[in-house]
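Structure record follows, encoded as structure tokens.
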Amino acid sequence: MTLLAQWMRACGLARLDAQALVSTVLGWSRAQQVAHPEQELHSADLAQLDALAARLRAGEPMAYVLGEREFYGLMFQITPDVLIPRPDTELLVELALQKLEAFAPSSTPRVLDMGTGSGAIAVALAHTRPQAEVWALDASAVALTVAQSNAQRLLPPQRAAGAIRFVQSDWFAALRHVDATAPRFDCIVSNPPYVAQHDPHLPALRHEPALALTGQRPSADGLGDIRQIVAQAADFLHATGWLLLEHGYDQADAVRALLAAQGWRDVFSARDLSGIERVSGGLCPRPRQIQSPPKIA
Ligand code: GLN
């Protein structure tokens, strides 16, 4: 017979991690666990705890072991097919909400989340700004099913069914054909893959999908996907629409330069909670003037 306290000592995990597993398996709060160390563990619970602990000891992230992670106050279901939502990315949600404040509360601004993964950004936006028309796009069909089920669970029932429009697309490719004309948005947000092909941090991220970290076409500087988005986003934005991009801790200068070089206006970067420039964005470039041929007198 194994007691809770014995298992906690023997499992080889930090106390908080062990308590998180016990909460999931037994449904006990940490306070209950501390109050009842003498609790005997049933063999089925013990087997499940041992299996989860082994995955953690092997380096699998807690979010995958528990199958969930909180983001923007909502609990998302997470599978290894999607990136684990990071607190840094809440900045992107905040900035998008600020841009949407320019619209009357009763209006329906249109927002596009590119590379939605678990749906964290799209669902947080739809949840906070129920009037907005949110689209979520991903190249991975499996990721889209995870995002869809998060939308179903987390959005109010009257919104859940049609709240978010999901599109499987390699960046803008399929979006060009979704309607007779390409849809136009008031804000495009993305936490795209931005990790460089040979980034030394990649081994530490090995449990997360390469598609979300380095992308389908890994690049030496990690900016390959951001370049594509910056080059094409203006075709899908209204004239007053914003593009907001998350990027790596050392990429803000490069992303601002990319935006500026393509005529984006009011280009800026914003800092995350650690003080790192984490999101850059800009206002849609003015449509190119079509030069009329010189008049012949
Ligand atoms: N923020 C993640 C990391 O550096 C990377 C996510 C991404 O490439 N979009 O761990």
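The values are calculated or read from the model by the stated rules, or taken from the named source; none is laboratory data. All figures in this text were calculated on a predicted structure; none of them were measured in a lab. In this analysis, Cβ positions are derived from the backbone assuming ideal geometry, glycine residues included, and neighbour counts consider all displayed protein chains. These accessible areas exclude ligands, DNA and RNA; they are computed on the full protein's heavy atoms, side chains included. Shrake-Rupley method; radii C 1.70, N 1.55, O 1.52, S 1.80 Å.
Just a few scattered comments:
- Surface composition of region 133-207: carbon plus sulfur atoms contribute 55% of the solvent-accessible area (1.4 Å probe, protein chains only, all chains present).
- Computed label-point distance, nm, for sites F268 and E60 using a 7 Å Cα→Cβ extension: 4.2
- Extension gain for Q98-A210 works out to 37.2 nm (0.36 nm per residue, less the C-alpha to C-alpha distance).
- A174 versus S23: modelled label distance in nm, points set 7 Å from Cα along the beta carbon direction: 3.6
- Think of it as helices only: each DSSP H run of n ≥ 4 in the chain is worth -39500 (n - 2.57), and spread over all residues that comes to -10000 deg cm²/dmol at 222 nm.
- The D253 and L46 beta-carbon pair, evaluated with R₀ = 51 Å, returns a calculated FRET efficiency of approximately 0.45.
- Whether the chain is rounded, prolate or oblate, judged on the alpha carbon gyration tensor where a/c under 1.5 counts as rounded: prolate
- Burial ranking of peptide ranges 80-86, 171-177 (average Cβ count within 10 Å, highest at the top): 80-86, 171-177
- Extension gain, L16 back to H201 (0.36 nm per residue minus Cα-Cα distance, nm): 64.1 nm
- Cβ-Cβ FRET estimate between R30 and V142, R0 fixed at 45 Å, reported to 0.05: 0.85
- Fraction of C-alpha pairs exceeding 24 angstrom in region 1-138: 46 percent, rounded to a whole number.
- Accessible surface, per residue, of region 174-273 when the full set of protein chains is kept, probe 1.4 Å, Å²: 47
- Summarising the amide proton neighbourhood of F71: residues at separation of 5 or more, or on other chains, whose placed amide H is nearer than 5 Å comprise F76.
- Net +/- balance of residues flanking P218 in space, Cβ distance below 11 Å, scoring K and R +1, D and E -1: -2
- Rounded percent of accessible protein surface that carbon and sulfur make up, region 1-40, 1.4 Å probe: 53
- Here region 164-190 is scanned for amide nitrogen atoms under 13 Å from the site 7 Å beyond the Cα of Q232 along Cα-to-Cβ, giving 168-178, 182-183.
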